[in-house]
C-alpha cells in the first residue's frame, strides 16, 4: 500500500462572476488554479498564504464541499467524485475539518455530547449505548471530563470548545484532518495547549493534517512540509525547516521576513522586506508570474510567462524565473 | 526630565459593579511606544477607552486619574474632551472595515477632523487629506479620496483609518490591535508606517496587542496586564531578557519560536483566564502559577521595582527564573 494518503493533481476551482450577458458569467475568479499536492500518512502539510490566496478553497475541495472545475483529487488511490452525496458521506468518514472559530462551529442548542455524537448518528455507527461510550472516550482523548457531555457549549471557554470541535472531528476515526486556522481565534496562553493536543493526537492516532494557517511560527513548529500559495498557485513547496531556513521564492522570503520575531534584539538586526501594495484581485490577476506586481526582482520575462515549479533541492520546488530558472 | 505626555494613575473601571480595570498605572512619554500586552478580558482595551473618554455606557470609571498633556481627562467637561479627541489624541481600532463609516467617502472621513478642529474649508482640507493618504502609502490618493470603504481592501482601510487618526498630528496615538485583522505582509507595511510617523513627528503611541512579535518589533517599553492589573512593566529588551512575573515568563515561553525544535511539546499555562467578577483572592494569577504558595493566596503583591529596570507584581519575583 502506498503511503500517500491524499493526492491532488492540477486542481482548479474557478468561480463565475455573475452579471454577464444572458446570464453568462462576466468573468472567472480563479481561486485555485492548477495545484499539485500530496499528503502522506501521518504527515502534516501546512498551506500558507495571505487571505484570498485560495488556501481555504483548496481545503474545501479536499473535503468534497466544493466541486473543482478541473483536475483530480484521489484519497487512498481512489478518485473523489465531487457532487455525489454518497461520495460526501464516505469521504466524511476519512476527512474531517476543524474550523477557526469554535464558538460558531458548535450548535448552541445541542449538548456537547450530542454534537460529538452527531457524525456517528449520520453514519449509523453503533447503538445508542456504544455511541455514548464513544463520546466519553473522545472527551477523555481531548482532555475534557466525560461527565460534562450533557452541558451546552456556553458552559465552556474558547479553548475547551476547540477541544470539543476536535473531539467531534475525531468521532469517525478519520485519517485526514483539515485544520483551518485552528488556534487563531484562541488566547495566546491557550494556543500552546491546543497545539500540544493536536501533536499528541497525531502521534497516537497516526493522523495526517492539512494545516491552513497564516501564523508562520506555528507552521514552523507544527508542519513537516509547507506549501506557499499566492493567487491560486503554489509558488514554493518543501520540508518546513529547509524552506524556512532558506526560502527560494521572493514571496516566501518576504512572507518570512514580515513575521516579527518575539525577540527585540534579533528583530532589530533583521532586514524586513516590505512588499508594496496588496494582493491583486483574483478576478483580474496579472499576466505572467502572479507575484510580478509586488516582486522586487521582477524582470521582463516575469511579465510575459508564468514560471513553472522547478526542483530547487531535496523535495523542494519553487516557481520563479529569476531564482529557479527553467533549464 | 519633562513630565510624561500621558500619565495614568490607579485607574479603576467597573462594569455592573465588577472591576474590569483595577488600579492600573503607567505613563507614555513623547515619541515613545508603550505596548500594553495581555489576553482578552485583562482590561487593556477598557484602559484605552478610558483615556479616549469613549467607554461603553455600561462601564464606569470608579477612580484614579488620567493626565494627558497636563489636563485631567476624567474631570474635563465632555465639550473640552471632544475638542481634544481626534486633535490632540486619536485612536485606531482593530477592525478597520467596521470602524469606518460605510456611507461616507474615505476622503470626507479623513478631512472631517480638519474641518471640525482646524476650521479648514473644503479645498484646503481636501488637499491635506489627499496628501495624508499619500503619506500613509495609499496609491492613487485622488481616486481613493472619492471612494467608499467597501471599495478598499482591509489593509487599505486600515491605512485610511491611520490617515484619519494622524491628520491633525495628534500628540498621542492609541492603537488597539491595529494589525490583528491583517495579513503579515500588510502588517509589516502598517508597522513600518507607524514607526516612521513616530520618528518624524514625535507622536507617542500606546500600542495594544497580544502579539509578542509585534511587541518586540515596535515597543520601547512594555506593560503586561492580567485580570485588570499591570503585573509587570519594563523596557522591551529588559523584559524579554528577564521576566520577574511568572505570567510574563510563561506567556513568552508558550509561543513557538522560529528556532525551537519542531514538534516539541510547548510549555503551557495551566487553567484559564479568570472571568470578570470571579478574580481570585490574593495574587490573581495564583491558580495558574507554578510558584504560588501561602502569601500568594492571601494578599495581592504590589508593583515593586525589578532587579534591573521596571516593576513587577510578584511575591516571588526572584524565583521566576526557575520556571522552565
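Numbers below:
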| read-out | value |
| --- | --- |
| Debye equation applied to the C-alpha atoms of the stretch B:17-112, log10 I(q)/I(0) at 0.19, 0.21, 0.23, 0.26 Å⁻¹ | -1.15, -1.33, -1.46, -1.58 |
| Simple label model, 7 Å out from Cα along Cβ direction - residue A:133 to residue B:95, nm | 4.6 nm |
| Hydrodynamic radius (Kirkwood) for the stretch A:151-203, which is based on Cα pairs only, to one decimal in Å | 11.8 Å |
| For the stretch B:30-63 versus the stretch B:279-324, the gap between their alpha-carbon centres in whole angstrom | 23 Å |
| P(r) weight above 13 Å for the stretch B:119-176, C-alpha pairs, percent | 61 percent |
| Tilt relative to chain A, helix A:128-141 - C-alpha long axis, 0 to 90 degrees, to 10 | 50 degrees |
| Two-site label geometry, residue A:205 and residue A:322: point separation in nm, points 7 Å out along Cα→Cβ | 4.5 nm |
| GNM flexibility winner over chain B from B:66, B:265, B:208 (Cα, springs under 10 Å) | B:265 |
| Segment residue B:83-residue B:298, extension gain: residue separation times 0.36 nm, minus the distance between their alpha carbons | 72.8 nm |
| Spin-label pair residue A:155/residue A:76, simplified geometry with 7 Å Cα→Cβ offset, distance in nm | 3.6 nm |
| Most mobile of A:92, A:208, A:127 in a GNM of chain A (Cα contacts under 10 Å) | A:127 |
| Using alpha-carbon coordinates, inclination of helix B:154-166 to the longest axis of chain B, degrees | 80 degrees |
| For chain B, diffusion coefficient by Stokes-Einstein and Kirkwood Rh (Cα), 20 °C, 1.002 mPa s, µm²/s | 103 µm²/s |
| Per-selection Rg to Rh, the stretch B:226-322 - Cα, Kirkwood hydrodynamic radius | 0.98 |
| Radius of gyration, Dmax [the stretch A:174-327; alpha carbons; angstrom] | 17.1, 51 |
| Sites residue B:54 and residue A:93, calculated FRET efficiency, Cβ-Cβ separation with R0 60 Å, nearest 0.05 | 0.70 |
| Label-zone membership for the stretch B:172-215, site residue A:297, 7 angstrom Cα→C-beta point, backbone N under 12 Å | none |
| Long-range tail of P(r) for chain A (Cα pairs > 30 Å, %) | 39 percent |
| Candidates B:25, B:264, B:40, ranked by Gaussian network fluctuation over chain B, Cα under 10 Å, top entry | B:264 |
| DSSP bridge pairs, chain A: antiparallel proportion in percent, nearest 5 | 60 percent |
| DSSP-defined beta bridges in the protein assembly as shown - what % are antiparallel, rounded to 5 | 60 percent |
| Extension reserve of the residue B:75-residue B:196 stretch, reckoned as 0.36 nm per residue once the Cα distance is removed | 40.2 nm |
| Hydrodynamic radius by Kirkwood, which averages 1/r over all alpha carbon pairs of the stretch B:37-91, in angstrom | 12.1 Å |
| Degrees between helix B:122-135 axis and first principal axis of chain B (Cα, 0 to 90, nearest 10) | 50 degrees |
| Percent RCO, i.e. relative contact order, over the stretch A:204-308, from Cα pairs under 8 Å lying at least 6 residues apart | 18 percent |
| Under the Debye formula (equal points on every Cα, no solvent term), log10 I(q)/I(0) of the stretch A:7-57 at q = 0.21, 0.29, 0.31 Å⁻¹ | -0.83, -1.11, -1.16 |
| Added length on full extension, which subtracts the Cα-Cα distance from 0.36 nm per residue, residue B:275 to residue B:30 | 84.7 nm |
| Principal axes of the stretch A:70-172: Cα extent on each, largest first, Å | 44, 31, 23 |
| If the convex hull is drawn through the Cα atoms of the protein assembly as shown, its volume per residue in Å³ | 185 Å³ |
| For the stretch A:242-327, projected area of the alpha-carbon convex hull averaged over all directions, nm² | 6.8 nm² |
| Per residue Cα convex hull volume in Å³ - calculated over the stretch A:4-126 | 164 Å³ |
| At R0 = 56 Å, FRET efficiency that the Cβ-Cβ distance of residue A:140 and residue A:17 yields, to 0.05 | 0.70 |
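Quick note: the coordinates plus some simple rules give every number you see, no bench work behind them. No experiment lies behind these values; they were computed from the predicted model shown. We place every Cβ from the backbone using ideal geometry, glycine too, and count neighbours over all the protein chains shown.
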